[in-house]
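> Structure in structure tokens, see below.
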Amino acid sequence: MESTVVSKQPAAPVATDDRSGKYLVFQLDREEFGIRVLKVREIMGVQQITAVPQTPPHLKGVFNLRGKVIPVVDLRLKFGLPELEYTQRTCIIVVQVQHDSNPLLMGIVVDGVSEVLNLAAADIEDTPDFGDGAATPYLLGLAKVKGKVKILLEIDRVLATSDLTLLHHAVS
């Protein structure tokens, strides 16, 4: 009878990059950005947005989505890009973010949506160090796809808690 020795040693950790997966790619100005598809709840054309007084310019206001009041952030303005008039390609991506450990739906206005990419760990590089004064905690990394670079965003961090708190107090 042959015996099998079972090792009690833990298996060597497998090097995986938790950034791999499906990303929705959208445009702002001439750049392409990606957010995890798992964060996306809906993509729609620009809706009637009700402005909320005393909020920063990038907080466009709120809109009604099937009876729910959804705050809207214009990512162009959030990222310091010039404001543009909305076009047929402009859309709102409704994302689910974490706010005070609660899920919250928010709309982000983007210039247009282009594709869904399935990115492997090998396609994603760490964000380079831009030196002091360049805070980039909202960047997941940079994806290289067909010779182009796509900026991957951690949408929970892009939609900062201070913005969410400000909007929450303005609409409640």
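> Here are Val95, Val110, Val62: which of them is in contact with a Ser or Thr (Cβ under 8 Å, 6 or more places away or on another chain), β-branched (Val, Ile, Thr), modelled with pLDDT of 95 or more and surrounded by 19 or more Cβ atoms within 10 Å (Cβ to Cβ)? Talk me through it step by step, then tell me what you get.
Values: Val95 fails: in contact with a Ser or Thr (Cβ under 8 Å, 6 or more places away or on another chain); Val62 fails: modelled with pLDDT of 95 or more.
Sole residue among the options that is in contact with a Ser or Thr (Cβ under 8 Å, 6 or more places away or on another chain), β-branched (Val, Ile, Thr), modelled with pLDDT of 95 or more and surrounded by 19 or more Cβ atoms within 10 Å (Cβ to Cβ): Val110.
> (1) β-branched (Val, Ile, Thr); (2) under 25 Å from Gly34 (Cβ atoms); (3) at pLDDT below 95: which one isn't true of Thr55, the others all being true?
Among (1) β-branched (Val, Ile, Thr); (2) under 25 Å from Gly34 (Cβ atoms); (3) at pLDDT below 95, Thr55 violates only (2).
> Within region 64-122, how many residues turn out to be assigned to a loop (DSSP other than H, G, I, E, B), closer than 17 Å to Leu28 by Cβ and not β-branched (Val, Ile, Thr)?
As a first pass, look at region 64-122 and keep what is assigned to a loop (DSSP other than H, G, I, E, B): 66-67, 79-90, 100-101, 111, 120.
Going one step further and asking which of them are closer than 17 Å to Leu28 by Cβ, we end up with 79-90, 111.
Going one step further and asking which of them are not β-branched (Val, Ile, Thr), we end up with 79-86, 88-89, 111.
Total satisfying the criteria: 11.
> Could you look through region 15-48, keep only residues that are assigned to a strand (DSSP E or B), small (Gly, Ala, Ser) and surrounded by 14 or more Cβ atoms within 10 Å (Cβ to Cβ), and pick out the one that is farthest from the chain's Cα centre (by Cα)?
First, pick out the residues of region 15-48 that are assigned to a strand (DSSP E or B): 21-28, 31-36, 40-45.
Filter once more, keeping what is small (Gly, Ala, Ser): 21, 34, 45.
Checking which are surrounded by 14 or more Cβ atoms within 10 Å (Cβ to Cβ) leaves us with 21, 34.
Numbers: Gly21: 14, Gly34: 7 Å.
Per the criteria, the residue is Gly21.
> I've got another one for you. Could you run through region 65-82 and say how many residues are within 19 Å of Val52 (Cα to Cα) and in contact (Cβ under 8 Å) with a residue 12 or more places away in the chain? Steps first, answer last, please.
Quick first cut of region 65-82, residues within 19 Å of Val52 (Cα to Cα) only: 65, 67-78.
Filter again for in contact (Cβ under 8 Å) with a residue 12 or more places away in the chain, leaving 65, 68-78.
Residues that pass the stated criteria total 12.
The values are calculated or read from the model by the stated rules, or taken from the named source; none is laboratory data. None of the values given here were measured: they were computed from a predicted structure. Glycine also receives a Cβ, built like all others from the backbone with ideal geometry; neighbour counts cover every protein chain displayed.
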